[in-house]
Amino acid sequence: MSSQGSPVKVYIRIRPTANFAHELIECLPDQQTLKVQSKKGKRNNHQSSWLFQLNGVLHNVSQEDIYDGVARSVVLGTFGGYNGTIMCFGQTGAGKTYTMTGAAETYKQRGIIPRALQEVFQEVANRVDHTFSVHLSFLEIYNETIVDLLSSLKHGKGSHSGVLTVVEELGGGVSVKGLSLHLVHNEEEALNLLFEGEMNRIIGEHALNKHSSRSHCIFTVHIESHSRTLSEAKYITSKLNLVDLAGSERLSKTGSEGQVQMEAMYINKSLSFLEQVILALADSRREHVPFRQCKLTHALKDSLGGNCNTVLVANIYGEGAQIEETLSTLRFATRMKCVKTKPVINEHVDPVLQVQRLEKEIQFLKEELSM
Ligand code: ADP
Ligand code: MG
(Lines give C-alpha, C1' and ligand atoms only; values in the text may rest on other atoms or scores of the structure.)
(Ligands and ions follow the chains in the order given, each with its own letter.)
Protein backbone atom coordinates (compact mmCIF):
# COMPACT_ATOMS: atom_id res chain seq x y z
CA MET A 1 0.00 0.00 0.00
CA SER A 2 1.28 3.42 -0.85
CA SER A 3 -0.11 6.69 0.38
CA GLN A 4 0.54 10.34 -0.22
CA GLY A 5 -0.96 13.49 1.26
CA SER A 6 -3.02 15.57 -1.10
CA PRO A 7 -5.44 18.29 -0.11
CA VAL A 8 -8.95 18.61 -1.49
CA LYS A 9 -8.77 20.84 -4.52
CA VAL A 10 -11.34 23.62 -4.58
CA TYR A 11 -12.24 25.66 -7.64
CA ILE A 12 -14.69 28.50 -8.10
CA ARG A 13 -16.61 28.66 -11.35
CA ILE A 14 -18.41 31.91 -12.11
CA ARG A 15 -21.45 31.60 -14.33
CA PRO A 16 -21.01 33.89 -17.33
CA THR A 17 -23.23 36.95 -17.32
CA ALA A 18 -23.47 40.30 -19.10
CA ASN A 19 -24.08 41.89 -15.68
CA PHE A 20 -20.89 40.80 -13.97
CA ALA A 21 -20.53 42.81 -10.74
CA HIS A 22 -16.95 44.07 -11.27
CA GLU A 23 -17.35 46.49 -8.38
CA LEU A 24 -18.07 43.59 -5.96
CA ILE A 25 -16.24 40.59 -7.37
CA GLU A 26 -12.63 40.82 -8.47
CA CYS A 27 -10.53 37.94 -9.79
CA LEU A 28 -6.92 38.69 -8.81
CA PRO A 29 -4.18 38.10 -11.42
CA ASP A 30 -2.88 34.92 -9.71
CA GLN A 31 -6.20 33.33 -10.83
CA GLN A 32 -6.47 31.73 -7.41
CA THR A 33 -7.79 34.60 -5.34
CA LEU A 34 -11.20 36.18 -5.36
CA LYS A 35 -11.83 39.51 -3.68
CA VAL A 36 -15.47 40.04 -2.76
CA GLN A 37 -17.18 43.04 -1.26
CA SER A 38 -20.59 43.24 0.31
CA LYS A 39 -22.58 46.37 1.02
CA LYS A 40 -24.67 44.50 3.56
CA GLY A 41 -21.66 43.91 5.77
CA LYS A 42 -21.10 47.66 6.23
CA ARG A 43 -19.80 48.64 9.63
CA ASN A 44 -19.13 52.28 10.49
CA ASN A 45 -19.80 53.09 6.84
CA HIS A 46 -16.99 50.81 5.67
CA GLN A 47 -17.74 48.27 3.03
CA SER A 48 -16.64 44.80 4.13
CA SER A 49 -14.37 42.94 1.82
CA TRP A 50 -13.00 39.42 1.88
CA LEU A 51 -10.22 37.56 0.14
CA PHE A 52 -10.84 33.92 -0.74
CA GLN A 53 -7.92 31.73 -1.74
CA LEU A 54 -8.66 28.66 -3.82
CA ASN A 55 -6.95 26.31 -6.23
CA GLY A 56 -8.37 28.18 -9.17
CA VAL A 57 -10.92 30.82 -10.12
CA LEU A 58 -12.59 29.85 -13.39
CA HIS A 59 -14.25 32.69 -15.20
CA ASN A 60 -15.25 32.40 -18.86
CA VAL A 61 -13.65 28.97 -19.07
CA SER A 62 -14.95 26.37 -21.55
CA GLN A 63 -16.36 22.97 -20.62
CA GLU A 64 -13.31 21.33 -22.21
CA ASP A 65 -10.91 23.42 -20.14
CA ILE A 66 -12.91 22.72 -16.98
CA TYR A 67 -12.59 18.98 -17.64
CA ASP A 68 -8.87 19.18 -18.44
CA GLY A 69 -7.99 21.48 -15.55
CA VAL A 70 -10.28 20.17 -12.83
CA ALA A 71 -11.47 16.63 -13.50
CA ARG A 72 -9.02 14.79 -15.73
CA SER A 73 -6.37 13.94 -13.14
CA VAL A 74 -9.02 12.57 -10.78
CA VAL A 75 -10.47 10.38 -13.54
CA LEU A 76 -7.03 9.05 -14.51
CA GLY A 77 -6.19 8.49 -10.83
CA THR A 78 -8.91 5.84 -10.66
CA PHE A 79 -6.81 3.73 -13.06
CA GLY A 80 -4.05 3.75 -10.48
CA GLY A 81 -6.54 2.43 -7.91
CA TYR A 82 -7.35 5.73 -6.20
CA ASN A 83 -10.97 6.60 -5.49
CA GLY A 84 -11.99 9.95 -6.89
CA THR A 85 -14.78 12.39 -6.16
CA ILE A 86 -15.77 15.52 -7.99
CA MET A 87 -18.58 17.56 -6.42
CA CYS A 88 -20.46 20.64 -7.56
CA PHE A 89 -21.75 22.90 -4.82
CA GLY A 90 -23.67 26.19 -4.89
CA GLN A 91 -27.05 27.88 -5.02
CA THR A 92 -29.69 26.83 -7.53
CA GLY A 93 -29.07 28.18 -11.02
CA ALA A 94 -25.35 28.81 -10.46
CA GLY A 95 -24.27 26.11 -12.94
CA LYS A 96 -23.79 22.83 -11.00
CA THR A 97 -25.66 20.60 -13.44
CA TYR A 98 -24.16 22.46 -16.40
CA THR A 99 -20.70 21.74 -14.98
CA MET A 100 -21.40 18.11 -14.08
CA THR A 101 -23.64 16.91 -16.92
CA GLY A 102 -23.60 19.79 -19.39
CA ALA A 103 -26.19 21.10 -21.76
CA ALA A 104 -27.75 18.69 -24.21
CA GLU A 105 -27.80 21.20 -27.08
CA THR A 106 -24.25 20.85 -28.36
CA TYR A 107 -21.38 18.39 -28.13
CA LYS A 108 -19.08 21.21 -27.00
CA GLN A 109 -21.25 21.82 -23.96
CA ARG A 110 -20.86 18.30 -22.58
CA GLY A 111 -20.04 18.39 -18.89
CA ILE A 112 -17.67 16.42 -16.69
CA ILE A 113 -19.64 13.11 -16.64
CA PRO A 114 -19.78 12.46 -20.41
CA ARG A 115 -16.15 13.55 -20.82
CA ALA A 116 -15.08 11.29 -17.93
CA LEU A 117 -16.89 8.34 -19.53
CA GLN A 118 -15.11 8.99 -22.82
CA GLU A 119 -11.76 9.08 -21.04
CA VAL A 120 -12.48 5.91 -19.03
CA PHE A 121 -13.14 3.87 -22.18
CA GLN A 122 -10.15 5.40 -23.95
CA GLU A 123 -7.96 4.25 -21.06
CA VAL A 124 -9.56 0.79 -21.08
CA ALA A 125 -8.65 0.50 -24.79
CA ASN A 126 -5.13 1.84 -24.25
CA ARG A 127 -4.16 -0.37 -21.32
CA VAL A 128 -3.85 -3.63 -23.19
CA ASP A 129 -1.90 -5.31 -20.39
CA HIS A 130 -4.99 -5.27 -18.14
CA THR A 131 -8.58 -6.45 -18.35
CA PHE A 132 -11.23 -4.13 -16.99
CA SER A 133 -14.80 -4.27 -15.88
CA VAL A 134 -16.68 -1.00 -15.61
CA HIS A 135 -20.00 -0.76 -13.75
CA LEU A 136 -22.19 2.29 -13.28
CA SER A 137 -24.63 3.30 -10.57
CA PHE A 138 -26.72 6.44 -10.28
CA LEU A 139 -28.56 7.51 -7.15
CA GLU A 140 -30.44 10.47 -5.81
CA ILE A 141 -30.88 11.50 -2.17
CA TYR A 142 -34.18 13.28 -1.68
CA ASN A 143 -35.41 14.11 1.85
CA GLU A 144 -32.98 11.58 3.35
CA THR A 145 -34.25 8.77 1.11
CA ILE A 146 -31.93 7.13 -1.40
CA VAL A 147 -33.53 6.55 -4.79
CA ASP A 148 -31.94 4.28 -7.42
CA LEU A 149 -32.20 6.18 -10.71
CA LEU A 150 -31.39 3.01 -12.68
CA SER A 151 -33.56 0.50 -10.83
CA SER A 152 -36.06 0.19 -13.71
CA LEU A 153 -33.39 -1.49 -15.84
CA LYS A 154 -33.52 -5.26 -15.76
CA HIS A 155 -29.89 -6.22 -16.06
CA GLY A 156 -28.40 -4.43 -13.10
CA LYS A 157 -26.79 -6.61 -10.48
CA GLY A 158 -27.61 -6.14 -6.83
CA SER A 159 -30.84 -4.20 -7.28
CA HIS A 160 -33.89 -4.83 -5.11
CA SER A 161 -37.06 -2.95 -4.40
CA GLY A 162 -36.53 -2.39 -0.65
CA VAL A 163 -35.13 0.61 1.17
CA LEU A 164 -31.61 1.51 0.06
CA THR A 165 -29.12 1.86 2.89
CA VAL A 166 -25.47 2.77 3.15
CA VAL A 167 -23.39 -0.09 4.53
CA GLU A 168 -19.82 -0.12 5.77
CA GLU A 169 -17.42 -2.57 4.19
CA LEU A 170 -14.37 -4.26 5.63
CA GLY A 171 -11.40 -1.98 5.05
CA GLY A 172 -13.28 1.28 5.56
CA GLY A 173 -15.18 1.56 2.28
CA VAL A 174 -18.91 2.08 1.96
CA SER A 175 -21.51 0.86 -0.52
CA VAL A 176 -25.23 1.30 -0.97
CA LYS A 177 -27.06 -1.96 -0.26
CA GLY A 178 -29.68 -2.65 -2.90
CA LEU A 179 -28.35 -0.14 -5.44
CA SER A 180 -28.21 -1.60 -8.95
CA LEU A 181 -24.80 -1.80 -10.65
CA HIS A 182 -24.72 -1.94 -14.44
CA LEU A 183 -21.92 -3.48 -16.48
CA VAL A 184 -21.02 -1.27 -19.46
CA HIS A 185 -18.68 -2.16 -22.31
CA ASN A 186 -18.30 1.13 -24.12
CA GLU A 187 -18.94 4.87 -23.98
CA GLU A 188 -22.24 4.60 -25.83
CA GLU A 189 -23.72 2.11 -23.34
CA ALA A 190 -22.54 4.31 -20.49
CA LEU A 191 -24.06 7.47 -21.99
CA ASN A 192 -27.34 5.61 -22.50
CA LEU A 193 -27.42 4.81 -18.79
CA LEU A 194 -26.63 8.41 -17.88
CA PHE A 195 -29.50 9.52 -20.09
CA GLU A 196 -31.81 6.85 -18.62
CA GLY A 197 -30.98 8.01 -15.08
CA GLU A 198 -31.54 11.66 -15.98
CA MET A 199 -34.93 10.73 -17.46
CA ASN A 200 -35.90 8.78 -14.33
CA ARG A 201 -34.90 11.77 -12.26
CA ILE A 202 -37.23 13.98 -14.28
CA ILE A 203 -40.11 11.45 -14.14
CA GLY A 204 -39.65 11.20 -10.36
CA GLU A 205 -39.76 14.98 -10.11
CA HIS A 206 -43.12 15.11 -11.83
CA ALA A 207 -44.51 12.31 -9.70
CA LEU A 208 -43.45 14.03 -6.48
CA ASN A 209 -43.94 17.55 -7.78
CA LYS A 210 -40.38 18.42 -6.86
CA HIS A 211 -37.51 20.11 -8.64
CA SER A 212 -34.16 18.52 -9.44
CA SER A 213 -32.27 21.13 -7.48
CA ARG A 214 -33.81 19.76 -4.27
CA SER A 215 -31.90 16.48 -4.34
CA HIS A 216 -28.27 15.35 -4.28
CA CYS A 217 -27.25 13.12 -7.18
CA ILE A 218 -24.31 10.71 -7.18
CA PHE A 219 -23.22 9.10 -10.45
CA THR A 220 -20.55 6.47 -9.76
CA VAL A 221 -18.17 4.69 -12.12
CA HIS A 222 -16.87 1.47 -10.51
CA ILE A 223 -13.67 0.21 -12.12
CA GLU A 224 -12.03 -3.18 -11.53
CA SER A 225 -8.76 -4.00 -13.25
CA HIS A 226 -6.83 -7.28 -13.45
CA SER A 227 -3.36 -7.68 -14.86
CA ARG A 228 -3.18 -10.05 -17.83
CA THR A 229 0.07 -11.43 -16.40
CA LEU A 230 -0.80 -14.69 -14.67
CA SER A 231 1.93 -14.20 -12.09
CA GLU A 232 0.17 -11.09 -10.74
CA ALA A 233 -2.64 -12.18 -8.47
CA LYS A 234 -3.44 -8.65 -7.38
CA TYR A 235 -6.31 -6.64 -8.76
CA ILE A 236 -7.41 -3.09 -8.26
CA THR A 237 -10.85 -1.58 -7.63
CA SER A 238 -11.75 2.06 -7.56
CA LYS A 239 -14.73 4.37 -7.63
CA LEU A 240 -15.24 7.68 -9.35
CA ASN A 241 -18.08 9.66 -7.72
CA LEU A 242 -19.54 12.53 -9.71
CA VAL A 243 -21.78 14.50 -7.38
CA ASP A 244 -24.32 17.19 -8.21
CA LEU A 245 -25.31 18.58 -4.81
CA ALA A 246 -28.71 20.11 -4.07
CA GLY A 247 -29.03 23.91 -4.16
CA SER A 248 -27.34 25.40 -1.09
CA GLU A 249 -29.54 28.54 -0.76
CA ARG A 250 -30.82 29.22 2.71
CA LEU A 251 -34.32 28.40 3.88
CA SER A 252 -35.35 31.98 4.69
CA LYS A 253 -34.84 32.91 1.08
CA THR A 254 -37.18 30.27 -0.28
CA GLY A 255 -39.82 31.53 2.18
CA SER A 256 -42.15 28.65 1.44
CA GLU A 257 -44.24 26.22 3.39
CA GLY A 258 -45.02 22.53 3.50
CA GLN A 259 -43.13 20.31 1.12
CA VAL A 260 -40.70 22.96 -0.05
CA GLN A 261 -39.86 23.87 3.53
CA MET A 262 -39.31 20.20 4.35
CA GLU A 263 -37.01 19.80 1.32
CA ALA A 264 -35.05 22.90 2.31
CA MET A 265 -34.71 21.62 5.87
CA TYR A 266 -33.26 18.29 4.69
CA ILE A 267 -30.88 20.06 2.28
CA ASN A 268 -29.72 22.56 4.91
CA LYS A 269 -29.17 19.75 7.39
CA SER A 270 -27.24 17.52 5.00
CA LEU A 271 -25.07 20.39 3.74
CA SER A 272 -24.34 21.46 7.28
CA PHE A 273 -23.45 17.84 8.17
CA LEU A 274 -21.22 17.82 5.09
CA GLU A 275 -19.54 20.91 6.47
CA GLN A 276 -19.19 19.36 9.95
CA VAL A 277 -17.57 16.30 8.42
CA ILE A 278 -15.21 18.50 6.44
CA LEU A 279 -14.27 20.54 9.50
CA ALA A 280 -13.69 17.35 11.51
CA LEU A 281 -11.48 15.97 8.73
CA ALA A 282 -9.50 19.20 8.65
CA ASP A 283 -8.86 19.05 12.41
CA SER A 284 -6.14 16.45 12.91
CA ARG A 285 -6.91 16.28 16.66
CA ARG A 286 -10.43 15.02 16.02
CA GLU A 287 -10.62 11.24 16.07
CA HIS A 288 -14.32 10.91 15.41
CA VAL A 289 -15.72 12.13 12.10
CA PRO A 290 -19.54 12.15 12.11
CA PHE A 291 -20.05 10.57 8.69
CA ARG A 292 -23.17 8.69 9.74
CA GLN A 293 -25.29 11.73 10.55
CA CYS A 294 -26.94 11.78 7.12
CA LYS A 295 -27.13 9.73 3.92
CA LEU A 296 -25.00 12.14 1.90
CA THR A 297 -21.95 12.11 4.17
CA HIS A 298 -22.34 8.40 4.88
CA ALA A 299 -22.52 7.54 1.17
CA LEU A 300 -19.45 9.72 0.56
CA LYS A 301 -17.51 8.42 3.57
CA ASP A 302 -14.71 6.91 1.50
CA SER A 303 -14.75 9.86 -0.87
CA LEU A 304 -14.24 12.85 1.39
CA GLY A 305 -11.66 11.65 3.83
CA GLY A 306 -8.94 9.09 3.41
CA ASN A 307 -9.04 6.91 0.38
CA CYS A 308 -9.68 9.50 -2.26
CA ASN A 309 -8.75 12.37 -4.55
CA THR A 310 -11.40 15.01 -3.99
CA VAL A 311 -12.29 18.06 -6.03
CA LEU A 312 -14.99 20.60 -5.21
CA VAL A 313 -16.28 23.01 -7.81
CA ALA A 314 -18.18 25.83 -6.11
CA ASN A 315 -20.49 27.43 -8.66
CA ILE A 316 -21.40 31.09 -8.14
CA TYR A 317 -23.36 33.80 -9.94
CA GLY A 318 -21.45 36.84 -11.15
CA GLU A 319 -24.37 39.19 -10.39
CA GLY A 320 -24.35 41.59 -7.44
CA ALA A 321 -27.91 40.65 -6.46
CA GLN A 322 -26.68 37.19 -5.38
CA ILE A 323 -23.66 38.40 -3.42
CA GLU A 324 -24.81 37.13 0.00
CA GLU A 325 -25.34 33.57 -1.29
CA THR A 326 -22.05 33.88 -3.20
CA LEU A 327 -20.28 34.77 0.06
CA SER A 328 -21.79 31.80 1.82
CA THR A 329 -20.74 29.48 -1.03
CA LEU A 330 -17.20 30.91 -0.92
CA ARG A 331 -16.97 30.46 2.86
CA PHE A 332 -17.97 26.83 2.52
CA ALA A 333 -15.48 26.35 -0.33
CA THR A 334 -12.62 27.86 1.69
CA ARG A 335 -13.33 25.60 4.67
CA MET A 336 -13.34 22.62 2.32
CA LYS A 337 -9.86 23.52 1.12
CA CYS A 338 -8.40 22.75 4.54
CA VAL A 339 -9.11 19.03 4.25
CA LYS A 340 -6.13 16.81 3.62
CA THR A 341 -6.84 13.47 2.02
CA LYS A 342 -4.49 10.52 1.92
CA PRO A 343 -5.27 8.54 -1.23
CA VAL A 344 -4.66 4.83 -0.86
CA ILE A 345 -4.51 2.28 -3.68
CA ASN A 346 -7.31 -0.31 -3.39
CA GLU A 347 -5.33 -3.45 -4.03
CA HIS A 348 -6.76 -6.94 -3.49
CA VAL A 349 -5.49 -10.46 -4.05
CA ASP A 350 -7.37 -12.66 -6.51
CA PRO A 351 -7.63 -16.03 -4.67
CA VAL A 352 -7.95 -18.10 -7.90
CA LEU A 353 -4.86 -16.57 -9.45
CA GLN A 354 -3.03 -16.86 -6.16
CA VAL A 355 -3.76 -20.63 -6.02
CA GLN A 356 -2.71 -21.04 -9.67
CA ARG A 357 0.55 -19.26 -8.95
CA LEU A 358 1.26 -21.36 -5.85
CA GLU A 359 0.48 -24.58 -7.78
CA LYS A 360 2.99 -23.54 -10.43
CA GLU A 361 5.58 -22.86 -7.75
CA ILE A 362 4.98 -26.26 -6.13
CA GLN A 363 5.29 -27.97 -9.52
CA PHE A 364 8.54 -26.13 -10.14
CA LEU A 365 9.94 -27.13 -6.74
CA LYS A 366 8.90 -30.78 -7.27
CA GLU A 367 10.72 -30.79 -10.62
CA GLU A 368 13.79 -29.30 -8.97
CA LEU A 369 13.75 -32.01 -6.28
CA SER A 370 13.43 -34.85 -8.74
CA MET A 371 16.39 -33.64 -10.81
P1 ADP B 1 -27.83 24.46 -11.09
O2 ADP B 1 -27.69 23.02 -11.47
O3 ADP B 1 -26.71 24.95 -10.23
O4 ADP B 1 -29.15 24.77 -10.49
P5 ADP B 1 -27.73 24.88 -13.94
O6 ADP B 1 -26.49 24.11 -14.25
O7 ADP B 1 -29.02 24.21 -14.25
O8 ADP B 1 -27.73 25.35 -12.42
O9 ADP B 1 -27.60 26.28 -14.68
C10 ADP B 1 -28.68 27.17 -14.83
C11 ADP B 1 -28.73 27.67 -16.27
O12 ADP B 1 -27.55 28.39 -16.61
C13 ADP B 1 -28.84 26.53 -17.28
O14 ADP B 1 -29.67 26.95 -18.34
C15 ADP B 1 -27.41 26.36 -17.76
O16 ADP B 1 -27.36 25.83 -19.08
C17 ADP B 1 -26.86 27.79 -17.71
N18 ADP B 1 -25.43 27.82 -17.39
C19 ADP B 1 -24.88 27.55 -16.19
N20 ADP B 1 -23.54 27.69 -16.23
C21 ADP B 1 -23.22 28.01 -17.48
C22 ADP B 1 -21.98 28.26 -18.18
N23 ADP B 1 -20.78 28.19 -17.55
N24 ADP B 1 -22.05 28.59 -19.49
C25 ADP B 1 -23.23 28.67 -20.13
N26 ADP B 1 -24.42 28.42 -19.55
C27 ADP B 1 -24.44 28.11 -18.25
MG1 MG C 1 -29.05 21.45 -11.15
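Can you name every residue in segment 62-92 that is of a type in the set (Gly, Ala, Ser), within 16 Å of ligand 1 (Cβ to nearest atom) and not in a helix (DSSP H, G or I)? Spell out the reasoning first.
Start the filter on segment 62-92 by keeping residues that are of a type in the set (Gly, Ala, Ser), which leaves 62, 69, 71, 73, 77, 80-81, 84, 90.
Filter again for within 16 Å of ligand 1 (Cβ to nearest atom), leaving 62, 69, 71, 90.
Passing the criteria: Ser62, Gly90.
Take the conditions within 16 Å of ligand 2 (Cβ to nearest atom) and of a type outside the set (Val, Ile, Thr) and apply them to Gly178. Does it pass? The answer is no for Gly178. Of the candidates Ile316, Ile267, Ile323, the single residue that is at pLDDT 80 or above, over 22 Å from Glu140 (Cβ atoms) and within 16 Å of ligand 2 (Cβ to nearest atom) is Ile316.
Residue by residue, here is whether (1) away from ligand 2 (no atom under 16 Å from the Cβ); (2) at pLDDT below 95 holds:
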position: Lys96; (1), (2): no, no
position: Tyr107; (1), (2): yes, yes
position: Ile113; (1), (2): no, no
position: Glu119; (1), (2): yes, no
position: Gln122; (1), (2): yes, no
position: Asn126; (1), (2): yes, no
position: Asp129; (1), (2): yes, yes
position: Ser133; (1), (2): yes, no
position: Phe138; (1), (2): no, no
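Here segment 117-150 is the region considered, the condition is being aromatic (Phe, Trp, Tyr) and in a strand (DSSP E or B), and the residue that is farthest from the chain's Cα centre (by Cα) is Phe132.
Restricting to segment 212-232, give me the number of residues that are within 16 Å of ligand 2 (Cβ to nearest atom) and modelled with pLDDT of 70 or more. It would help to see each step written out before you state the result.
Start the filter on segment 212-232 by keeping residues that are within 16 Å of ligand 2 (Cβ to nearest atom), which leaves 212-219.
Still in the running and modelled with pLDDT of 70 or more: 213-219.
Matching residues across segment 212-232 total 7.
For segment 303-319, does any single residue satisfy the condition of being over 23 Å from Ser215 (Cβ atoms), under 19 Å from the mean Cα position of the chain (by Cα) and either part of a strand (DSSP E or B) or not small (Gly, Ala, Ser) (or both)? So that I can check it myself, show each step before the final result.
To start, the set of residues in segment 303-319 that are over 23 Å from Ser215 (Cβ atoms) comprises 305-307, 309, 318-319.
The next check asks that each one be under 19 Å from the mean Cα position of the chain (by Cα); those that pass are 305-307, 309.
When the remaining residues are screened for being either part of a strand (DSSP E or B) or not small (Gly, Ala, Ser) (or both), the result is 307, 309.
Yes - at least one qualifying residue is present in segment 303-319.
Under the condition of being within 16 Å of ligand 1 (Cβ to nearest atom) and either modelled with pLDDT under 60 or farther than 16 Å from Arg331 by Cβ (or both), the residues counted in segment 247-261 number 4. Only residues that are in contact (Cβ under 8 Å) with a residue 12 or more places away in the chain and closer than 23 Å to Val124 by Cβ were counted across segment 186-216, and they come to 8.
The values are calculated or read from the model by the stated rules, or taken from the named source; none is laboratory data. Keep in mind that what you see is a predicted model, and the values were worked out from it rather than measured. So basically every Cβ, Gly included, is an ideal-geometry build from the backbone, and we count neighbours across all protein chains shown.
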